[in-house]
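Comments concern the structure below.
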Protein chains: 2
Amino acid sequence: MEKDEAIKLNNQLCFSIYSLSREINKLYRPFLEELSLTYTQYLVMLVLWEKESCTMKELGDSLFLDSGTLSPVLKRLTERALTYRKRDPDDERRVLISLTEEGKQLKETAAEIPGKLIKKSGLSEEEFSKTLFDFTNLLQQIQQANTE
Amino acid sequence: MEKDEAIKLNNQLCFSIYSLSREINKLYRPFLEELSLTYTQYLVMLVLWEKESCTMKELGDSLFLDSGTLSPVLKRLTERALTYRKRDPDDERRVLISLTEEGKQLKETAAEIPGKLIKKSGLSEEEFSKTLFDFTNLLQQIQQANTE
DNA sequence: CTCAATTTAATTTTGCGCAATTTAATTGTG
DNA sequence: CACAATTAAATTGCGCAAAATTAAATTGAG
């Protein structure tokens, strides 16, 4: 690529991915509003619906987020009584995060979201799978590049 | 996909793209730090390096961002004397944003970034182009879905 | 021409992300 | 055992994003 071309906005990988990320976020928003969840809160709930209970650390490892982001998110989810927190008796540094009954029940409604979303996106099942596959691979490659 | 699979974190398109976006941001960060620019400030500068001067509205259309985000960003760029603002005499509602000499000069250093980044990412030129192409297409499709 | 509707930008509020610092608990080494 | 190093989480500060509100300038229909 010519140097002059290379510095143009629409040739930046960062810009296409950044716009796409916000646009996909926007696609989810109406569905998440029905649950009164933000995007990040939804991601946290996804982890908890799989694991039932985990530490702050495990949550961070799953989502690639640190306590600086997660602490306030969990605070809000706990205020809404979707989660509760207690210290791990075996290691008082750790905080165990668990779902309340209300939090568990929310999974029923949330289970509708992935299907609705694919439909709304206009992607076929195959396109969706391929895109997910490509993104996941690229993510691993970039994570590799960032840790070298 | 099974319903139970569909609600898992790692099968969410939103999560893969969101992680990827933050990871790519992280890839840029050391280079942007050298210019003392944030990611969003860099995107604004990319537009200005192409257009020399534009209105707040045009900037927002290019970046898919509104004045709620851009006003404070431009305020900081102007405080750093990379840009300056004045009202359009033909239409006093419009704000014209232009590069200062210092802002123009910064392009020289910034022009190195795209190349350095591809190298650091570990992607081949072909992979980079293909990824950019795929993202741009998908962006358009999702934007379409969001405006329907 | 006039006034309602539209356009443009700024501001306010809420909630992330991330870096850096702090605090408390645990672990490892001599 | 002692104490330095490490680990887990919370906190602080800054800079976005997005929604909603406000204000000022312009446009357009009657």
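FYI, it's all coordinate maths here, none of it is from the lab. Keep in mind that this is a model prediction, so the values were computed, not measured. Heads up, the Cβs are rebuilt from the backbone with ideal geometry, glycines too, and the neighbour counts pull from every protein chain shown.
List the distances, in nm to one decimal, from the label point of A:Thr109 to the label points of the same position in every other copy, shortest first, placing each label point 7 Å from Cα along the Cα-to-Cβ direction.
In nanometres, ordered from closest: 5.0.
Every other copy gets compared here: list the nm distances from the A:Lys8 label point (7 Å along Cα to Cβ) to its counterparts, shortest first, one decimal.
Copy-to-copy label distances for A:Lys8: 4.2 nm.
Per-residue mean of other chain beta-carbon atoms within 10 angstrom of the beta-carbon, peptide A:129-141?
6
Would you mind checking A:Lys26/A:Lys130; B:Lys104/B:Lys130; A:Lys26/A:Lys116; B:Lys107/B:Lys130; A:Lys57/A:Lys86; A:Lys86/A:Lys107 for any pair whose Cα atoms are more than 24 angstrom apart?
B:Lys104/B:Lys130; B:Lys107/B:Lys130
Please find the FRET efficiency linking B:Glu101 to B:Tyr39, where r is the Cβ-Cβ separation and R0 is fixed at 22 Å, and quote it to the nearest 0.05.
According to the calculation, E is roughly 0.35.
Please report, in cubic angstrom per residue, the volume enclosed by the convex hull of the alpha-carbon atoms of chain A.
Dividing the Cα hull volume of chain A by its residue count gives 156 Å³.
How large is the dipole of the protein assembly as shown about the Cα centre if only Lys and Arg carry +1 and Asp and Glu carry -1, each at its Cβ, rounded to the nearest 20 debye?
The dipole magnitude comes to about 860 debye.
If you take the alpha carbon radius of gyration of the protein assembly as shown and divide it by 2.2 N^0.38 Å, what ratio comes out, to two decimals?
1.11
Treating the point 7 Å from Cα along Cα-beta-carbon as the label, what are the nm separations from A:Glu50 to the other copies, to one decimal?
Relative to the other copies, A:Glu50 has label-point distances of 3.7 nm.
Take the rotation relating chain A to chain B, measure from its axis to every Cβ in chain A, and name the nearest residue with the distance in whole Å.
So the closest residue, with its distance, comes out as A:Ser21, 2.
Between A:Lys120 and B:Lys116, with labels modelled 7 Å along Cα→Cβ, what's the label distance in nm to one decimal, could you check?
With each label point 7 Å from Cα toward Cβ, the separation is 4.0 nm.
Quick one: helix B:67-79 against the long Cα principal axis of chain B, what's the angle to the nearest 10°, folded into 0 to 90?
The helix B:67-79 is inclined about 50 degrees to chain B.
Could you give the semi-axes, largest first, of the ellipsoid that matches segment A:40-116, computed as the square roots of 5 times the alpha carbon gyration tensor eigenvalues and rounded to whole Å?
Values for segment A:40-116, descending: 21, 14, 11 Å.
Calculate how steeply helix B:125-147 sits against the longest principal axis of the alpha-carbon atoms of chain B, using the helix alpha-carbon long axis, and give the answer as 0 to 90 degrees to the nearest 10.
90
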